[in-house]
Amino acid sequence: QKEVEQNSGPLSVPEGAIASLNCTYSDRGSQSFFWYRQYSGKSPELIMSIYSNGDKEDGRFTAQLNKASQYVSLLIRDSQPSDSATYLCAFVPAYAGGTSYGKLTFGQGTILTVHP
Amino acid sequence: EAQVTQNPRYLITVTGKKLTVTCSQNMNHEYMSWYRQDPGLGLRQIYYSMNVEVTDKGDVPEGYKVSRKEKRNFPLILESPSPNQTSLYFCASSPLLGADNQPQHFGDGTRLSIL
C-alpha cells in the first residue's frame, strides 16, 4: 500500500462549484497534514495545514481531517478559474520517530481545472 | 525580499560528471529540505536538515549527498549523476516543519537533465 494516495484526476468543476480533493494515508501515527497548490511551471505553495480531527476553514478553503479513517480532504468553495492547479497533500510520518520529524511525504497530486 | 535561491535553474550534463545544485535562503530558517518532482509521482523528499550540521535522509536519498555547514546554505551534490536522476528539483526552507502558520518557502526549481 502506498503511504499516501490522492484521488485520481484530473478533476474538472464549473466556476462557482465546490471542488473536493481527497487524500488517504497509511501511517496511523501521523499528526501533521498539509495541502499545497502548484501552478503549472511554478513551485508549490502551502495553502492549508491541519493537525486535529475536524474542519479547519480559511477563506474559501476548508481542510477536513479524520484520523480514524486516515483521510484528509480539501474543499474549495466558489471555485474560480484561478484555482486551476495541481493540489498536493502531504504529511509528516510518525513511524520513524525522533529526527524523522523533518520528513515530509507527498501524494502524487490531483490536477484541478475550473472552467468558466 | 524573503527568498530561497537555487542555482542553476537549468542544467544538461552527462553521466558521471559530478555536479552541485546550490540552495540559499535569507530568512534565517532552521529547516531546509530538497525534493525531486517527477510526472505522476508528486514531490519526493531527498534530504532535509533541521539545523547546521544536522541532516537526515528523506524517502529517496540514494545517489545524493548534502551538507549544512552554514544556516543559509544547503547544497545538493550528485557525485556520479545517472539518467534516472533527471528531474525537477526544489529546495525549501521554513523556521520549523509542521508548526502552524509556518509555510515552507520553495525555490523556483532546478531542471536537471542527465544524458
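Summary table below
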| quantity | calculated |
| --- | --- |
| Listed peptides B:58-64, A:12-18 by packing density, highest first (mean Cβ within 10 Å) | B:58-64, A:12-18 |
| Shape metrics for chain B, restricted to C-alpha atoms - Rg then Dmax, Å | 13.4, 42 |
| Rounded to 5, the percent of DSSP beta bridges in the protein assembly as shown classed as antiparallel | 90 percent |
| Mean separation of Cα contacts under 8 Å (6+ apart) over length of chain B, as relative contact order % | 35 percent |
| Cα-based convex hull volume of chain A per residue, rounded to whole Å³ | 98 Å³ |
| Burial ranking of peptide ranges B:4-17, A:42-55 (average Cβ count within 10 Å, highest at the top) | A:42-55, B:4-17 |
| Nearest-20 debye value, the protein assembly as shown charge dipole, Cβ charges on Lys, Arg, Asp, Glu | 600 debye |
| Average partner coverage of B:49-57, which counts Cβ from other chains inside 10 Å | 2 |
| Relative contact order for chain A, counting Cα pairs under 8 Å that sit 6 or more residues apart, in percent | 36 percent |
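Here, each number is a calculation from the coordinates, and none is a lab measurement. Computed from a prediction, not measured in an experiment: that's the story for all the values here. Reconstructed Cβ throughout: ideal geometry from the backbone, glycine too, with neighbour counts over all protein chains shown.
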